[in-house]
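**Q** Take this structure, written in structure tokens, and hold onto it; I'll ask about it next.
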Amino acid sequence: MKELGNIRPFEEKLWLSSPTMHGDELRYVTEAYETNWLSTVGENIDALERGVAEYVGCRHAVALSCGTASLHLAVKLAGERLYGMARPNEGTLRGHKVFCSDMTFDATVNPVAYEDGEAVFIDTERNTWNMDPAALERAFALYPEVRLIVAAHLYGTPARIAEIRRIADSHGALIVEDAAESLGAMYDGRQTGTFGDYNAISFNGNKIITGSSGGMFLTDSRADADKVRKWSTQSREAAPWYQHEEIGYNYRMSNVIAGLVRGQLPHLPEHIAQKKAIYERYREGLADLPIEMNPFDGERSEPNYWLSCLLIREEAMSPMVRGERDFLYQSVPGRSCPQEILDMLAAIRAEGRPVWKPMHMQPIYRMNAFVTVEGNGRGQSNAYIAGTEEQDVGSDIFRRGLCLPSDNKMTPEQQSRVIEVIHRSFA
């Protein structure tokens, strides 16, 4: 890697995105402790569910143990609505394909496998890094029987969810909206997490507000909220004893975790403003380099700017190859690559990360179908299944992109040091 010169390491590690506490979190957690409401019932849970539903603009919110639990029960609900109750030891999606975002964390798509479904991955569009509506439309031409879409909003940037909604409606399909990373982001003046038939958010330790863990199922349907609440508490029936007539899960949020998130929720607009300022400082400070920041539709969407990312232009990429668990790159004057930048950031004790490795490239999902649309230079498009010679958009972003330190406690001086390191990487 390039020399760092006189750039000194941080005394304390600069994190990608760490929790930011304000004080009220401890008050609500202490209240849970002092009143002995430490389990999966209590005022913190009730207040948090009311507060999130009001903020997002939905009628019902169900507090769960994590975002993945929320996604799982959302997918399970969708499968039950589409295909009926599952038989014992079978998922509700058994034998059915589901269109899924390709460039995302695997928690988005694993619930499809939990319910015995088969994910078909939809390629990414370059101008939001999210599911490409054109590829989705082509996927319905290839698989007209599909009736469920699982769509994520990457790094807090909204997908073109209204267009995805239009396509879903035209094909009689339901949407599970994964807003785990995008709480507080807006599309067409409306909060993400309200466009799907079933919606999920996350309060994981690195999210824009956090309880160290936790998630939320969002819906306008009282019946769906009640069903998720029942499933999340082991599907206990209304009987004087423990009566169980269907499979349940231990997915309910604890009153302690709810206290942490309850104390954070009022600070969400503040966190978004801080994250936006970080994004803008990167955009301005790196404007003279051959890079682009993670994009969004500025006319229709307002991200929550959870993570700031960059994409190195092709002509400025130095040679880099990745195996399944290792990598190799060549340091070339005037050029750089994601791993070189990440190594240089690590040398000053700053945390960055590669962007999400697309699902169709993951060993566990490599045999699943994958649909993309890529222009051929004549104003036309071609959809194909993975394995052809053309390069898809998601793998290209994975090859050239990385996530930058985006902690909202990062000072402008600290960020300037990060920006200087990135400049040195292209020296």
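The values are calculated or read from the model by the stated rules, or taken from the named source; none is laboratory data. Not measured: the values here are computed from a predicted model. Using ideal geometry, Cβ is built from the backbone for each residue, glycine included, and neighbour counts are taken over all protein chains shown.
**Q** I'd like the residue in the stretch 239-282 that is touching a residue at least 24 places away in the same chain (Cβ under 8 Å) and among the charged types (D, E, K, R) and, out of all such residues, is nearest to VAL62 (Cα to Cα).
**A** Out of the qualifying residues, it is ARG252.
**Q** Output the number of the condition that VAL176 fails; it satisfies all remaining conditions of (1) closer than 19 Å to VAL52 by Cβ; (2) of a type in the set (A, V, I, L, M); (3) in a loop (DSSP other than H, G, I, E, B).
**A** Evaluating VAL176 over (1) closer than 19 Å to VAL52 by Cβ; (2) of a type in the set (A, V, I, L, M); (3) in a loop (DSSP other than H, G, I, E, B) leaves (3) as the failure.
**Q** Out of THR194, THR210, which single residue is of a type in the set (Ser, Thr, Tyr) and touching a Phe, Trp or Tyr at 6+ places or on another chain (Cβ under 7 Å)?
**A** It is THR210.
**Q** Identify all residues within the stretch 116-164 that are of a type in the set (Asp, Glu) and assigned to a helix (DSSP H, G or I); write none if there are none.
**A** Hits for the stretch 116-164 are GLU137, GLU163.
**Q** It is to be established whether one or more residues within the stretch 169-177 are within 18 Å of GLY298 (Cα to Cα), in contact with a helix residue (DSSP H, G or I) (Cβ under 8 Å, 6 or more places away or on another chain) and not small (Gly, Ala, Ser).
**A** No, the conditions are met nowhere in the stretch 169-177.
Results for (1) closer than 21 Å to TYR55 by Cα; (2) modelled with pLDDT of 95 or more; (3) among the hydroxyl-bearing types (Ser, Thr, Tyr); (4) out of contact with any Asp or Glu (no Cβ under 7 Å at 6 or more places or on another chain), shown as yes or no for each residue.
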site: GLY259; (1), (2), (3), (4): yes, yes, no, no
site: PRO269; (1), (2), (3), (4): yes, yes, no, yes
site: LEU286; (1), (2), (3), (4): no, yes, no, yes
site: LEU289; (1), (2), (3), (4): no, yes, no, yes
site: ASP326; (1), (2), (3), (4): no, yes, no, yes
site: ALA347; (1), (2), (3), (4): no, yes, no, yes
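**Q** Hey, another quick one. So, of the residues in the stretch 141-161 that are more than 22 Å from LEU77 (Cβ to Cβ) and over 17 Å from the mean Cα position of the chain (by Cα), which turns out to be surrounded by the most Cβ atoms within 10 Å (Cβ to Cβ)?
**A** If we take residues in the stretch 141-161 being more than 22 Å from LEU77 (Cβ to Cβ) and over 17 Å from the mean Cα position of the chain (by Cα), then LEU142 is surrounded by the most Cβ atoms within 10 Å (Cβ to Cβ).
**Q** Is the stretch 90-98 home to any residue that is assigned by TED's automatic domain parsing to the domain that holds GLU246, part of a strand (DSSP E or B) and β-branched (Val, Ile, Thr)?
**A** Within the stretch 90-98, one or more residues are assigned by TED's automatic domain parsing to the domain that holds GLU246, part of a strand (DSSP E or B) and β-branched (Val, Ile, Thr).
**Q** Looking for whichever is over 13 Å from LEU404 (Cα atoms) and crowded, with 21+ Cβ neighbours inside 10 Å here; the options are VAL371, VAL355. Which one fits?
**A** Only one candidate qualifies: VAL371.
**Q** Consider ASP102 carefully, then state whether it is in contact (Cβ under 8 Å) with a residue 60 or more places away in the chain, closer than 30 Å to VAL355 by Cβ and crowded, with 21+ Cβ neighbours inside 10 Å.
**A** yes
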